[in-house]
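S.K.: The structure's right below; bear with me while I get my questions together.
Just so it is clear, none of the values below were taken in a lab; they were calculated from the coordinates. Remember, predicted model here, so these are calculated numbers, not experimental data. A quick note on method: Cβ atoms are made from the backbone with ideal geometry, for glycine too, and the neighbour counts reach across all protein chains shown.
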Amino acid sequence: MKKNLYCKILENIEIAPSIHKIEMERVDGFGDIKPGQFLHIKCSDAYLLRRPISISMVQKDRVGIVVRKAGEGTSLLCDRKKGEILDVLGPLGNGFTIDEGKNVIVIGGGIGTAPLLELVKNLKEKQVTVLLGYKDTPYLVEAFKDYVKDVKVATEDGSAGYKGYVTDLLKTKLENDKVDIIYSCGPEIMLKKVQEIATEYKVKSQLSIEERMACGVGACLVCTCKVKSEDGVKHVRTCKDGPVFSGDEVMFHE
Amino acid sequence: MNKIDMSVDLNGLVLKNPVTVASGTFGFGREYGEYVDLNKIGAIAVKGLTLEERQGNPTPRVVETPMGMINSVGLQNPGVDYFIKEELPNLSQYDTKIIANINGNTIEEYCKMAEKLSKTSVDALELNISCPNVKEGGVAFGRDPEMVHKVTRKVKENSDKYLIVKLSPNVSDIKEIGVSAESGGADCLSLINTLIGMGIDIEKQKPILARGIGGLSGPAVKPVAVRMVYEVSKAVNIPIIGMGGIMNDKDAIEFFLAGAWAVSIGTANFVNPMVSMEVLKGIEEYLKRKEYTSIKELVGQLKF
Ligand SMILES: Cc1cc2nc3c(=O)[nH]c(=O)nc-3n(C[C@H](O)[C@H](O)[C@H](O)COP(=O)(O)OP(=O)(O)OC[C@H]3O[C@@H](n4cnc5c(N)ncnc54)[C@H](O)[C@@H]3O)c2cc1C
Ligand SMILES: Cc1cc2nc3c(=O)[nH]c(=O)nc-3n(C[C@H](O)[C@H](O)[C@H](O)COP(=O)(O)O)c2cc1C
Ligand code: FES
């Protein structure tokens, strides 16, 4: 039977302004973890609901997350100290499916780069290009370089790498090279663009999407998203049926 | 010391213990079945059913507020036929009572669903006349004492199942509504459903929920719920299942003292999937400490 996991925080460091990397003990109960799965974390007693946060790094004895201070819940989570105990549900959701194709693009935007790190660790046998997009300060770039040679960065303000959107880099890559599959996570506006480009170049894609959640396990139906189905449109649960969906089924908000 | 008798007989519906889970917060039992042994729960009220499948409202469907949440799921569910065929057989394996929560746009729809469910192994029907998240039916029924009487009576005529009527707190006099449901033939009342609420994003100057308004639940509503259970229990002679913001054993005990015969846990499941078991254990310990021999002795024991 599954249960809440109580994990000691082993490390909490600010790796960029308002971005924290938190590593916790991998207690018994985590079981197998797939890249793209998430944890549902009780950030503090000041709030009722848990917050969904992707798993970014898995080691034998530790699990890492990367958190952006988006609002009060995630700010309180980032304030938690080494040695404190986190109340965690997980791993939850379905993760990325490692596809047969050999030529892979992994493209992330902002905090959406976090879960892709654990993904690329699992793509060792493949020809991988990693494209990372940020508004200003990049983070995790060196960590990606530990696994993949071909890592390109885009920043909107031009402070590092290519000046502009990371999806521009995606287009260039697809123009020039054969690609079998695109894995992506990032803000909705970026994922929408990735979906468009993938359709245009007829490349398969898997997208990790976000919705506001309550239970995180599939019981409350507050987190639904629209996917295409045989008879039109269907509401499925982002937490349980996702968060990773095939790019040709997800329907983004208008 | 002898074992404490936790069973309750709600005038015909016998629960092995008084801790149940609330409609819409436990799906059809599958997901939380990974966390709790469903055989140990007194009853499971399943996600609100409608005659036809429903896709629910657009997202965002949830906003957190101080010690509560507002949802606007809008009764997303696969429809009553699908429930009977695909979900009920799975639920029926467990040693727990199954309460089918039903929602109609019209009295006829309630009756049709009641008829369909009468032929199945569900243990009770729960008439939801209080959902704030749909346009027609729902809370519009629950606010009018005459309509409450009528829909209760019609459903009772069309079904031989044990009948629970779930009351909305969004009324000015809940006693009156409770009395109407009782006179219509309800075997039991459950309360409260969610309070209507709203959350606003001050940067965008727009509501956070796509639909604007939604149902408030969680610890924030508990004082309202306890008061309503207290008031209604004084006004009717049928049992009450109390709910609204129960997060732990202490909260649940308040409801028993106020007059509830059983309790139901909703939002708390989202925070702690094992909460129902912890509440049950806590109530038993309290009864032991206070030297009661059964849960029944606690009901309505508020000293005033
Ligand atoms: C599957 C999944 C994985 C995620 N992984 C990460 C990650 O690795 N790192 C990270 O920093 N963030 C991640 N997020 C986003 C993160 O959950 C939100 O930033 C966070 O919930 C905001 O909470 P808050 O209290 O700080 O903000 P507030 O805006 O105060 O939150 C209010 C409410 O909105 C909900 N909410 C707000 N934004 C989001 C959102 N984008 N997604 C889901 N719920 C939201 C909160 O849960 C809360 O109930 C992920 C979201 C999902 C769905
Ligand atoms: C996400 C969500 C969905 C709900 N869906 C239903 C429903 O389908 N039918 C119903 O009668 N009540 C529904 N409710 C109301 C609960 O059953 C319960 O009455 C209410 O949440 C108060 O209890 P709580 O504070 O413990 O959650 C829902 C509540 C929530 C939070
Ligand atoms: S968050 Fe409850 S079903 Fe997804």
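S.K.: For the charge dipole of chain B, defined by +1 on Lys and Arg C-beta atoms and -1 on Asp and Glu C-beta atoms about the Cα centroid, which residue among B:P239, B:G29, B:L257 has the Cα displaced farthest towards the positive pole?
M.R.: B:L257
S.K.: Nearest 500 deg cm²/dmol is fine: what mean residue ellipticity at 222 nm does chain A get from its DSSP H runs of n ≥ 4 alone, each adding -39,500 (n - 2.57), divided by its residue count?
M.R.: After summing the helix terms and dividing by the residues of chain A, the value is -5000 deg cm²/dmol.
S.K.: Kindly provide the Kirkwood hydrodynamic radius of segment B:23-107 in Å, to one decimal, from all pairs of distinct alpha carbon atoms.
M.R.: 14.0 Å
S.K.: Can I ask one more? So what is the calculated 222 nm ellipticity per residue for chain B, using -39500 (n - 2.57) for each DSSP H run with n of 4 or more, over all residues, to the nearest 500 deg cm²/dmol?
M.R.: -8500 deg cm²/dmol
S.K.: Okay, next question. Compare the Cα positions of A:L49, A:Y6, A:I22 along the charge dipole of segment A:1-55 (+1 at Cβ of Lys, Arg; -1 at Cβ of Asp, Glu; about the Cα centre) and return the one farthest towards the positive end.
M.R.: It is A:L49.
S.K.: In what order do A:H235, A:H253 fall by count of nearby beta-carbon atoms within 10 Å, going from fewest to most?
M.R.: A:H253, A:H235
S.K.: Quick one: order A:R237, B:R289, A:R80 by neighbouring beta-carbon count within 10 Å, fewest to most.
M.R.: Ascending Cβ contact count within 10 Å gives the list B:R289, A:R80, A:R237.
S.K.: Further, regarding this structure: Give me the distance between the Cα centres of segment B:37-59 and segment A:215-254, rounded to whole Å.
M.R.: Centre-to-centre (Cα) distance: 18 Å.
S.K.: So which of A:K69/A:K121; B:K16/B:K166; A:K2/B:K116; A:K204/A:K226 end up more than 23 Å apart by C-alpha?
M.R.: Violating the 23 Å limit, Cα to Cα: A:K69/A:K121; A:K2/B:K116.
S.K.: Sequence neighbours fewer than 8 away in the same chain don't count; with that in mind, list the aspartates and glutamates whose C-alpha is under 20 Å from A:K192.
M.R.: Straight-distance partners of A:K192: A:E156, A:D168, A:E175, A:D180, A:E200, A:E210, A:E211, A:D241, A:D248, A:E249, A:E254.
S.K.: Step through the table entries A:K124/A:K152; B:K119/B:K156; A:K34/B:K47, compare each Cα-Cα distance with 22 Å, and write down the pairs that go over it. Walk me through the numbers on the way to the answer.
M.R.: Values: A:K124/A:K152 18 Å; B:K119/B:K156 14 Å; A:K34/B:K47 30 Å.
From A:K124/A:K152; B:K119/B:K156; A:K34/B:K47, over 22 Å: A:K34/B:K47.
S.K.: Looking only at B:N77, B:N101, B:N158, which one moves most when chain B is put into a Gaussian network model with springs between Cα atoms under 10 Å?
M.R.: Of B:N77, B:N101, B:N158, the most mobile in the Gaussian network model is B:N158.
S.K.: Only bridges with both residues in chain B count here: give the DSSP antiparallel percent, nearest 5.
M.R.: 40 percent
S.K.: Relative to the longest principal Cα axis of chain A, at what angle does helix A:166-176 sit, 0 to 90 degrees, rounded to 10?
M.R.: Taking Cα atoms only, the helix is inclined about 40 degrees.
S.K.: So, with +1 on the Cβ of K and R and -1 on the Cβ of D and E, and no other charges, what is the size of the charge dipole of segment B:19-105 about its Cα centre, to the nearest 20 debye?
M.R.: That gives segment B:19-105 a dipole magnitude of about 160 debye.
S.K.: To the nearest 20 debye, what is the magnitude of the charge dipole of segment A:28-180 about its Cα centre, counting +1 on the Cβ of each Lys and Arg and -1 on the Cβ of each Asp and Glu?
M.R.: Taking the Cα centre of segment A:28-180 as origin, the dipole is about 140 debye.
S.K.: Could I ask something else about it? With +1 on each Lys and Arg Cβ and -1 on each Asp and Glu Cβ, and nothing else charged, work out how big the dipole of segment B:173-304 is about its Cα centre, in Debye to the nearest 20.
M.R.: Dipole magnitude for segment B:173-304 comes out near 180 debye.
S.K.: Still on this structure: Helix A:188-200 against the longest principal axis of chain A: what's the angle in degrees, Cα atoms only, rounded to the nearest 10?
M.R.: 30 degrees
S.K.: Let me ask something else. Beyond 43 Å, what percent of the Cα pairs of the protein assembly as shown remain?
M.R.: Of all Cα-Cα pairs in the protein assembly as shown, 24 percent lie more than 43 Å apart.
S.K.: Loop only per DSSP, at most 12 neighbouring Cβ atoms within 10 Å: give me the trypsin sites (Lys or Arg not before Pro) in segment B:146-227, ordered by residue number. Kindly include the intermediate steps, with their values, before the conclusion.
M.R.: On the way: sites: B:K150, B:R153, B:K154, B:K156, B:K161, B:K166, B:K175, B:K204, B:R211, B:R227; in loops: B:K161, B:K204, B:R211.
Taking segment B:146-227 and a limit of 12 other Cβ atoms within 10 Å, the loop trypsin sites (Lys or Arg not before Pro) found are B:K204.
S.K.: Using a Gaussian network model of chain A whose springs link C-alpha atoms within less than 10 Å, name the residue from A:K124, A:K204, A:K226 with the highest mean-square fluctuation.
M.R.: For chain A, modelled as a Gaussian network with Cα springs under 10 Å, the answer is A:K124.
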